[in-house]
Amino acid sequence: MKKYKWILGLIAVVFISIFFGGYFFLRTTVPDYDEDIVSPMVSSEVEIIRDQYGMPHIYSGSETDAAFGLGYAMAQDRLFQIEMIRRAVQGQLSELLGPKTAEVDILFRTITSPLSLDSMYARLTPEIQEILTASANGINHFMASHPNRLPFEFALLGIEPEPYRPAEQLAGLYFMAWALNFSFDSELTRWAVSRKVGPEMAAEIFFDYDPNGPRITSAEDFMDMVGNIKSPETSLTSELSISDDQLLEVLATLDRIRSLTGQKVGGASNNWVIGPSKSKTGAPILANDMHLGLMIPGIWYEAAIHTPGKNVSGVVLPGVPLIVAGANDHVAWGFTNVMADDADYYLEKINPDDSSQYLYDGAWLDFEVSYDTLFAAGDSVIPFEIWRTVHGPVINNIIEMDKFEADPIAMRWTAYDAGSEAEALFHLNGAANINEVETAAALYKTPGQNWVYADDRGNIGFWAAVGIPKRSGFDGGTVLPGWDGQSEWSGYVATDQQPHLRNPISGFIATANNKHTDDNYPYVISNCYAPSDRIGRIEQLLSAEDQLDLDDMKNIHADNFMPVAQAWVPLLINALDGANLSEIEKSALVKLSEWDWRADADSAAPAVFHAMMQNMAEAIFTPHMGDSLTDYFLRENTFTVHKALRRLVADSLSEWFDDPETNVVETRKMMFVNSFQSGVKFLVERLGDDVSNWNWGDIHQLTFYHPIGRFLPLVGSLMNPGPYRMGGAGNSVNPSLYLFTRPWQVMAGASQRHIFDLGNMKNSLRSIPTGISGNFMSPHYDDQIDNWLNVEYRPF
């Protein structure tokens with residue numbers, strides 16, 4: 001017996017030793033913010049002071065030394081995230097994670113083949129190159145001086161990061177250009193739907209914007225009109241050798257890639273600014289919240305840079321030493337996605353006598369082919385080919401499809417012609433007035449962003465900072481014929497003809513991914529603007545009072561009002577009049593009839609409404625599209641689905657309501673009744689049969705997933721904060737975006753919130769969702785979650 005006790009005791013000692021050994025190892029990876037370091041790569045002293053949330057304030061005598069300090073600080077807090085972004089953009093994730101990420105790597109190597117990070121870097125001025133070099137040196141110095149104290153993810157995956165090259169500091173910008181490219185899958189989806197239901201029915205659900213939705217400005221405000229050059233979309237009516245199943249496989253591959261990179265939903269945003277006449281302070285006030293995927297660590301890193309010529313703070317992309325959204329002593333700015341149609345897709349024709357050639361403008365041209373190899377973890381070797389045409393890389397080669405059995409689809413992307421975004425941000429960071437902001441905006445092309453800004457002289461402005469291709473005779477909304485040379489870009493719209501506005505009579509400017517101008521504007525900017533719910537509500541709240549202050553800005557950020565519910569619930573109540581309802585259904589209907597249209601977490605009505613809307617979407621689209629295409633459409637086209645449902649519900653006679661497989665002609669009224677009853681049934685199964693206990697926040701929740709913690713449950717329990725009960729909705733000003741096929745797990749929302757008082761910048765406010773650190777052992781890993789959930793702030 002003593003022997004067994006001795007063995008059990010030994011085992012206990014071993015487990016305790018492993019536990020404490022692991023704990024103390026993890027503690028060693030938490031950075032020491034009080035250390036002194038010496039480096040020959042700086043010319044003067046650099047001081048990094050952390051605030052109570054761990055955000056670095058970097059003081060230096062020069063721009064390059066400050067960039068070194070910022071690189072060092074980012075490495076302290078986000079080195080693994082920086083590494084993942086670098087590897088994703090360069091197609092090197094499989095070396096860490098194995099063959100399951102091979103599709104991601106092949107995609108990125110394919111789409112970046114026309115323009116590498118090194119090529120982007122070479123386009124920049126020497127001044128910007130020096131900033132990127134200094135930042136890379138800061139990261140490398142941290143790694144070299146802490147070889148045994150790097151984030152535990154490196155030890156877990158058994159890798160040592162290679163030194164960073166200056167060009168790799170641009171990886172974050174390239175990644176965001178891809179993540180915010182809505183054309184990437186929406187145009188392929190539109191083509192797939194058109195093939196399934198015909199172009200006329202497809203046009204009912206694929207359109208650029210709500211006809212009566214607010215515009216940012218009108219074309220006459222900023223340009224001399226040259227005549228409308230837009231015309232109906234070119235139709236692909238020729239014989240096609242790519243099947244519906246093959247096209248769906250391309251879409252499914254894109255879906256998996258979005259999932260693996262954490263970019264399933266997002267890319268929307270709000271920003272607005274009020275001028276002196278509208279402000280109680282007599283100075284401009286600017287607010288911004290950019291809507292992106294919610295994860296931990298978050299997409300943004302906070303920092304402040306203080307040099308003799310610059311005093312600027314805001315959020316940066318990990319690894320990129322430039323403030324993306326923020327303020328300096330004289331100007332403040334915020335971004336929203338333009339929703340630009342910045343890519344077109346071309347179906348190419350292969351020569352039937354020579355599969356190495358494709359048809360273009362009456363001639364057979366040779367494909368440009370390069371051969372590449374992935375070396376994935378586990379000793380897998382994956383060879384692949386990258387094919388390019390005059391339009392760009394062939395993107396359906398990312399799946400295992402015999403390229404000679406399916407026509408190639410090539411991508412033309414504005415990113416290949418851009419490359420000065422880092423320079424634009426550098427000059428924006430140091431801008432002294434509105435003129436200098438607009439000079440910087442002229443350099444910025446992709447991913448297209450609506451810049452809203454103000455200066456301390458009382459000016460407010462907006463600029464659509466985006467590369468707008470000149471298209472003549474086509475709008476680029478779906479896949480184009482690549483062989484006839486008739487659907488080509490003829491350069492880009494001149495900067496002064498891009499939508500912009502300064503000091504409007506209204507006293508405010510607001511953007512929320514809405515349409516830029518009226519239909520007199522002669523160029524296609526977007527085929528996929530967001531629904532007008534958010535911008536309509538923001539403008540309503542900005543117009544409600546003659547003058548506004550910071551508290552009003554906070555209230556707008558926190559607004560959970562649902563315009564779609566305000567429009568639909570009366571229609572639903574009317575449709576249910578006389579219907580045979582159960583007692584539970586009657587109770588649920590009472591909740592809707594008493595609702596104030598706010599999607600608050602503790603309210604039952606938004607749960608009932610969303611359950612009804614979910615069932616409506618599935619019931620409308622599945623009979624016409626089929627299960628597979630409907631599943632993809634609902635999962636990957638959130639904005640399009642919302643807009644489509646709004647338009648279809650407004651048209652009570654739409655063909656989409658009718659199921660072609662039944663002998664009955666289904667109507668909008670029938671759709672409302674059936675969707676409501678199906679939704680109530682779902683809620684009974686999830687929340688029980690006592691409607692008084694139903695709450696939106698019980699089924700609408702957010703967990704912040706770490707990229708490693710998502711796939712390792714044991715570790716994930718330590719690394720994935722949540723779940724948290726959430727208010728808000730997909731199109732409320734305070735957004736909590738979810739997938740239509742996964743109700744209602746929140747995937748995206750406000751990735752930061754800023755409010756700037758240009759009269760006294762010390763009154764300005766900031767917030768990010770999680771924390772400054774990516775190390776789950778750090779006190780700054782999740783110390784901002786409560787503030788963010790409650791729409792509260794800390795001093796800017």
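The values are calculated or read from the model by the stated rules, or taken from the named source; none is laboratory data. Keep in mind that this is a model prediction, so the values were computed, not measured. Positions of Cβ are generated from backbone atoms using ideal geometry, with glycine treated the same way; all protein chains shown enter the neighbour counts. Remember, those area values only see protein heavy atoms, side chains included, never the ligands or the DNA or RNA. Shrake-Rupley method; radii C 1.70, N 1.55, O 1.52, S 1.80 Å.
Values as computed for the structure displayed
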quantity: For I296, distant residues with modelled amide H under 5 Å away; calculated: Y705, H706
quantity: 17 Å cut-off, amide nitrogen to a point 7 angstrom out along S692 Cα→Cβ, residues in region 604-629; calculated: 604-605
quantity: Mean separation of Cα contacts under 8 Å, 6 or more apart, over the residue count of the chain: relative contact order %; calculated: 17 percent
quantity: Gain upon complete extension [E545, L581; 0.36 nm per residue less C-alpha separation]; calculated: 8.7 nm
quantity: Rounded accessible area per residue of the chain, 1.4 Å, Å²; calculated: 38 Å²
quantity: Length added when fully stretched, M41-S119, from 0.36 nm per residue minus Cα-Cα; calculated: 25.6 nm
quantity: Cα→Cβ-extended label distance, 7 Å offset, between V369 and S628, nm; calculated: 2.8 nm
quantity: Theoretical ellipticity at 222 nm over the chain - DSSP helices of four or more residues, -39500 (n - 2.57) apiece, nearest 500; calculated: -11500 deg cm²/dmol
quantity: In nm, spacing of pseudo-spin labels at A252 and I505 (7 Å Cα→C-beta vector); calculated: 5.7 nm
quantity: Two-site FRET efficiency, L157 against I573, from Cβ-Cβ distance with R₀ of 41 Å, rounded to 0.05; calculated: 0.15
quantity: Three-way shape call for the chain based on the alpha-carbon gyration tensor, with the a/c threshold at 1.5; calculated: rounded
quantity: Contour excess over end-to-end distance, with Cα ends at S652 and N351 and 0.36 nm allotted per residue; calculated: 103.6 nm
quantity: Gap separating the Cα centres of region 666-708 and region 587-644, nearest whole Å; calculated: 9 Å
quantity: Spatial separation of Cα centroids for region 335-377 and region 279-332, in angstrom; calculated: 38 Å
quantity: In sequence order, calculated HN-Hα J values of region 603-617 (Karplus, 6.51, -1.76, 1.60; Hz; x Gly/Pro); calculated: 10, 7, 4, x, 5, 4, 5, 5, 4, 5, 5, 4, 5, 4, 4
quantity: For L737, residues with placed amide H under 5 Å, excluding near neighbours; calculated: M747, A748, G749
quantity: By accessible area with a 1.4 Å probe, ligands and nucleic acids excluded, highest first: order of R412, R123, R794; calculated: R123, R412, R794
quantity: J(HN,Hα) series, region 341-347, from Karplus relation 6.51 cos²θ - 1.76 cosθ + 1.60, nearest Hz, glycine and proline x; calculated: 7, 9, 8, 10, 10, 10, 7
quantity: Share of carbon and sulfur in the accessible heavy-atom surface of the chain [1.4 Å probe, %]; calculated: 51 percent
quantity: D484 accessible area, 1.4 Å probe, all protein chains in place, Å² to nearest 10; calculated: 50 Å²
quantity: Long pairs among K591/K669; K554/K586; K470/K515; K196/K470; K643/K669, criterion Cα-Cα beyond 25 Å; calculated: K554/K586; K196/K470
quantity: Probe 1.4 Å - accessible area at T478, Å² to nearest ten; calculated: 20 Å²
quantity: Spin-label model distance (nm) - A558 vs N790, 7 Å beyond Cα toward Cβ; calculated: 1.0 nm
quantity: Anisotropy class of region 596-750 from Cα gyration tensor, a/c 1.5 cut; calculated: prolate
quantity: Shape call, region 522-616: gyration tensor on alpha carbons, a/c limit 1.5; calculated: oblate
